[in-house]
Amino acid sequence: MLDSGGGEIGVTNSAALLTLTGEISGSGPLTKTGAGTLTVTGPQDYDTLNVNVGTLNLNANLLNAVITHNGGRLNINDSVNGSTVNADSPGGA
């Protein structure tokens, strides 16, 4: 559960792969950092998702969130109904 301060998931090793299969929810932002790959699956419920570096595979149903891509790679493989995707750097979403 994310509080208003949010949370960060860092996958620091560029060869590392981390998969989260449970729901992450809350009012704060979730930020992905580190050069590795994070895969998120299943329904998700948080206001903001930030991708700063590395790869994020979003294999999840994410409703009404703001997704900000600040670097790295963002792969959206499921529904982001009502969400806004901001691709702020080359390498795009």
With all protein chains present, the chain has a carbon and sulfur share of its accessible area (1.4 Å probe) in percent of 47 percent
Accessible surface, the stretch 13-93, averaged per residue in Å² (probe 1.4 Å):
45 Å²
What shape does the stretch 14-61 take by its C-alpha gyration tensor, where a ≥ b ≥ c are the square roots of the eigenvalues and a/c under 1.5 counts as rounded, a/b above b/c as prolate, and the rest as oblate?
oblate
Measure of exposure for residue 53: accessible area at 1.4 Å probe, Å² rounded to 10, is 60 Å²
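The values are calculated or read from the model by the stated rules, or taken from the named source; none is laboratory data. Please read these numbers as outputs of a predicted model, since none were measured by experiment. Just so you know, the surface numbers come from the protein's heavy atoms only, side chains and all, with ligands and any DNA or RNA stripped out. Shrake-Rupley method; radii C 1.70, N 1.55, O 1.52, S 1.80 Å.
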